[in-house]
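The values are calculated or read from the model by the stated rules, or taken from the named source; none is laboratory data. This structure is a prediction, so every number in the text was calculated from the model and none was measured. Here the Cβ is made from the backbone with ideal geometry for all residues, glycine too, and neighbour counts use every protein chain on show. These area figures cover heavy atoms from the full protein model, side chains too; ligands, DNA and RNA do not enter into them. Shrake-Rupley method; radii C 1.70, N 1.55, O 1.52, S 1.80 Å.
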Amino acid sequence: MLSYRHSFHAGNHADVVKHIVQSLILDALKQKEKPFVYHDTHSGVGRYDLQDERSEKTGEFKQGIARLWSRDDIPAEIASYIEAIKTLNDGDELRYYPGSPKVARAQIREQDRMVLTELHPADFPLLLQEFRGDRQVRIYKEDAFARLKASLPPKERRGVVLIDPPYELKHEYMDVVKAIKESYKRWATGTYAIWYPVVYRENIDKMLKGLEDLGIRKILQIELGVEPDTEERGMTASGMIVINPPWKLESQMKTILPWLQQVIAPNHGHHTVEWVVPE
């Protein structure tokens with residue numbers, strides 16, 4: 001199944017959380033001069049036009065990045081994230097939103113590199129065009145987890161893997177667990193950042209239990225909810241599960257999430273920062 005198109009959802013509240021966490025991890029990696037790799041398993045097209053008919057149809061960005069864009073009280077911790085968006089937009093108008101590859105490209109240095117994977121036949125050419133001629137970026141039209149397996153361990157021995165499948169099919173939650181199991185065997189010191197949507201809470205609980213059972217230490221859960229959980233289908237929250245997180249990430253997100261909840265979901269929102277498995 002390759003029906004999912006992120007252009008309908010770009011810049012929504014889930015993207016905001018995902019890309020803030022991603023930016024903070026990259027900030028931490030940049031504290032050392034040694035090179036690192038950024039590996040993105042489901043890359044999308046790179047950038048999204050918020051005036052595109054698909055984005056306008058859902059308007060999801062209006063409860064996401066649009067609520068942050070004009071504020072003058074943005075926490076200093078998310079400066080890199082905001083700067084990545086500003087690089088795509090002229091002046092004060094918010095028209096373009098970066099996908100995770102463009103968020104990363106705004107932050108990597110000359111000594112770093114990126115590995116991007118996208119299998120969708122319509123999205124892959126757009127991603128290729130976005131990074132055409134960029135020698136620091138390698139793009140593959142391959143199965144995301146097969147490419148990840150082939151790429152680990154990276155020569156740099158430092159870096160982050162962003163895993164954010166569409167979760168169109170129920171088994172994708174456990175596919176992530178299997179991918180982590182295989183990846184961790186090859187590269188136990190890497191940082192793995194797993195995005196997840198809360199459509200049915202039971203799927204998240206099962207994935208978390210699966211990750212716990214792998215025997216891996218240092219697994220941090222970060223979540224922002226915009227509505228209470230419900231038995232009906234619909235994304236009420238989203239989050240990131242980070243394996244081997246930077247040491248500051250927990251405290252940073254405990255500062256950022258209360259502010260983000262008030263901006264995005266002041267009435268029915270909730271937020272969580274807790275260890276699934278401590279060190």
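Estimated purely from DSSP H runs of n ≥ 4, each contributing -39500 (n - 2.57), the mean residue ellipticity at 222 nm for the chain is -10500 deg cm²/dmol once divided by its residues.
Could you tell me the distance between the Cα centroids of region 142-174 and region 42-62, to the nearest Å? So the separation of the two Cα centres works out to 23 Å. When mean projected area of the Cα convex hull in nm² is computed from the coordinates, the matching label among (1) 17.6; (2) 13.8; (3) 31.6 is (2).
Take every Cα pair under 8 Å whose residues are at least 6 apart in sequence, average their separation, divide by the length of the chain, and the relative contact order is 21 percent. Normalised per residue, the accessible area of the chain is 47 Å², obtained with a 1.4 Å probe and no contribution from ligands, DNA or RNA. Report note on the peptides 110-120, 47-57: ranked by the mean count of other C-beta atoms within 10 Å, highest first, their order is 110-120, 47-57.
Computed about its Cα centre, the charge dipole of region 169-279 is approximately 480 debye, with only Lys, Arg, Asp and Glu carrying charge at their Cβ. Within the accessible area of region 1-129, the carbon and sulfur atoms contribute 48%, probe 1.4 Å, all protein chains present.
Given in Å, the Rg to one decimal and the Dmax to the nearest whole number for the Cα atoms of region 73-160 are 14.9, 43.
A DSSP coil position with no more than 15 other Cβ atoms inside 10 Å describes the following GluC sites (Glu not before Pro) in region 145-228: GLU156, GLU168.
Where nothing but the Cβ of Lys and Arg (+1) and of Asp and Glu (-1) is charged, how large is the charge dipole of the chain around its Cα centre, in debye to the nearest 20?
Values: 39 positive and 42 negative charges, 245 e Å.
Computed about the Cα centre, the dipole is about 1180 debye.
Ordering 264-276, 8-20 by mean Cβ neighbour count within 10 Å, with the highest value first, yields 8-20, 264-276.
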